[in-house]
1. If R0 is 22 Å, what FRET efficiency do you get for D142 and E198 from their C-beta distance, rounded to 0.05?
2. Taking K and R as +1 and D and E as -1, what net charge do the other residues with C-beta under 11 Å from the C-beta of A95 add up to?
3. Taking K and R as +1 and D and E as -1, what net charge do the other residues with C-beta under 13 Å from the C-beta of L117 add up to?
4. Using the Cα gyration tensor of region 157-238, with a ≥ b ≥ c the square roots of its eigenvalues, what is the shape: rounded (a/c below 1.5), prolate (a/b larger than b/c) or oblate (neither)?
5. Multiply the residue gap between Q157 and D121 by 0.36 nm, knock off their C-alpha separation, and tell me the result in nm, one decimal place.
6. Between beta-carbons, use under 12 Å as the cut-off and find the net charge around S202, counting Lys and Arg +1, Asp and Glu -1.
7. Under a point spin-label approximation (7 Å from Cα along Cα-to-Cβ), what is the T191-H60 distance to one decimal in nm?
8. How about region 140-238: which trypsin sites (Lys or Arg not before Pro) there are in a DSSP loop, with at most 16 other Cβ atoms within 10 Å of their Cβ?
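Values in this text are rule-based calculations from the coordinates and carry no lab data. Since the structure is predicted, the reported quantities are computational estimates derived from the model, not experimental observations. Neighbour counts run over all protein chains shown; Cβ positions are idealised from the backbone, glycine included.
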Amino acid sequence: SFRDIDMDVTQLDRSIGDLTSSLGDPTRRGIYLTVRASSEPLTTSDIASIFDIHPNVARHHLDRLAGDGYLRVTRRRPEGRGGPGAGRPAKWYEATEKEIDVNLPTRRFDLLAELLLRLVDRLAPADLAAVAEDVGRDYGRDLAAQIGLPEEPGYEQAVRAVAQAMTMAGFEIDAEPDAHRLLTSFCPFGTTAIAHPEVVCSLDRGMVTGLLEALHQDWRTVTLTPHPADAEECVTSL
């Protein structure tokens, strides 16, 4: 009935509104992904350090995510993180089992990406990989301007800032500054990356290069080795 349709639309609007208010902010979304990927709960200080933001800002985002049901708060110090300490225990945050799901008609972004790549391939530029890398580099610089990155960071801080920015863009990346590399365990381009690694990996490499340039890091060589199997990680060597 029309009444049922109205109720469904109202619920859909409410779900979209809740999701947008909670995870629409790129920093808050990055914080949620970081907490979700962590093997143990994190504190406000942990998040402030990882994202290079003031603890009050970190606390605001964490409490907002907790209030909306995406994180849970405990005051029990996890094993292996030091003694009980004095005073009131710190808050620790970990992800809940809340599903991020809005029932919308399926949008085939994977199909769109596949068709666009076929279109580009049909045009057949001789330097397709170089063009893709340039596009990625431009996007990396734009992303850096949108989210704000530390000014004149040291090498280790720069590598971690790149991993943080790529996480905000939808990747799941671990920084390994000592090994001069980034490890990608999840790529948002999915099957498109598997079908067209020469283009997609060039885009990824360009994004990292653009972010490094925005951080005033002069990297002449950034290479990306795709994962040989789904369960393995892509390696971006600096």
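1. Working: r = 23 Å, r/R0 = 1.05.
The value I calculate is 0.45.
2. Values: positive: R36, R72, K98; negative: E94, E97.
Taking every Cβ under 11 Å from that of A95, the sum is +1.
3. Details: positive: R118, R122; negative: D110, E114, D121, E198.
So the surrounding residues net to -2.
4. It comes out prolate by the Cα gyration axes.
5. Once the chain is fully extended between Q157 and D121, it gains 9.2 nm.
6. -3
7. It is 4.2 nm.
8. On the way: sites: R141, R160, R181, R205, R220; in loops: R220.
For trypsin sites (Lys or Arg not before Pro) across region 140-238 that sit outside H, G, I, E and B with at most 16 neighbouring Cβ atoms in 10 Å, the list reads R220.
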